[in-house]
Amino acid sequence: MSTNKQELNDWSNRIIGAAIETHRYIGGPGLLEKVYEEAFAIELAFAGFKVERQVYLPVSYKGHTLESPLILDLLVNDSIIIECKATEKYNAIYETQLMTYLRVAQKSLGLVINFGEKFVRDGIHRVVNKF
């Protein structure tokens with residue numbers, strides 16, 4: 001699926017709205033990451049997105065495919081990678097991890113969404129790869 005910057009930006013705004021709705025509806029912080037991921041995937045599908053969960057991404061090293069793939073939490077419309085977190089203390093390493101996923105998957109845009117924040121809008125971090 002070929003996407004342009006404006007389309008990705010529009011999608012990311014709608015994805016953020018879906019994250020806020022998920023967090024609000026489920027009752028805020030305090031649950032496990034996988035609970036938020038599953039509920040968020042449902043909310044994204046309600047919003048009309050194609051959502052894939054736990055997507056295996058092969059990693060190559062000098063012509064060899066490694067046995068341990070990367071695992072993407074969510075892939076939306078085959079274009080935006082979402083890394084879900086549920087921690088009360090955010091760490092910038094999550095953005096570095098997502099940038100690696102974007103490079104390996106050859107995608108332009110990703111979001112780290114930390115559902116562990118009191119207000120999820122404070123836990124959303126946009127990561128751009130060669131945008």
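Bear in mind that the values in this text are calculations on the coordinates, not laboratory data. Nothing here was measured: the structure is a model prediction, and the numbers come from that model. Because the Cβ atoms are built from the backbone with ideal geometry, glycine has one as well, and the counts that use them run over all protein chains shown.
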Once Lys and Arg get +1 and Asp and Glu get -1 on their Cβ, which of 58, 30, 44 lies farthest toward the positive end of the dipole of the chain? 58
Within straight-line cross-link reach of residue 5, aspartates and glutamates at Cα separation under 15 Å, skipping those fewer than 8 residues along the same chain: 78
Computed label-point distance, nm, for sites residue 35 and residue 93 using a 7 Å Cα→Cβ extension: 2.5
In what sequence do 96, 3 fall when counting other Cβ within 10 Å, fewest first? 96, 3
Largest fluctuation, 68, 12, 79 only, Gaussian network model of the chain with Cα springs under 10 angstrom, belongs to 68
In debye to the nearest 20, how big a dipole does the chain give about its Cα centre with +1 on each Lys and Arg Cβ and -1 on each Asp and Glu Cβ? 340
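Around residue 82, with a cut-off of 14 angstrom between Cβ atoms, what is the net charge of the other residues, counting Lys and Arg +1 and Asp and Glu -1?
Neighbour charge sum, excluding residue 82 itself: -2.
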Within region 19-43, what residues put their amide N at less than 18 Å from the label point 7 Å along the Cα-to-Cβ vector of residue 119? 19-30
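Hey, what number do you get for the chain at 222 nm if only DSSP H runs of n ≥ 4 count, each worth -39500 (n - 2.57), divided across all residues, to the nearest 500?
My calculation for the chain gives -12500 deg cm²/dmol from helical runs alone.
Test of understanding: ordering 36, 90, 61, 25 by Cβ neighbours within 10 Å, fewest first, what list do you get? Can you show the working numbers first?
Details: 36 24, 90 16, 61 7, 25 10.
Sorted ascending by nearby Cβ count, the order is 61, 25, 90, 36.
Counting Lys and Arg as +1 and Asp and Glu as -1, what is the net charge of the other residues whose Cβ lies under 10 Å from the Cβ of residue 112?
Details: positive: 85, 126; negative: 73, 83, 95.
Counting the neighbours of residue 112, the net charge comes to -1.
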If you take the charge dipole of the chain about its Cα centre, with +1 on Lys and Arg Cβ and -1 on Asp and Glu Cβ, which of 119, 8, 18 is farthest toward its positive end? 8
Between residue 68 and residue 103, how many nm apart are label points set 7 Å from Cα along the C-beta direction? 1.8
Given the C-alpha centroids of region 20-47 and region 87-131, what is the distance between them in whole angstrom? 16
Rounded D (µm²/s) - the chain, Kirkwood Rh over Cα pairs, Stokes-Einstein at 20 °C, 1.002 mPa s: 143
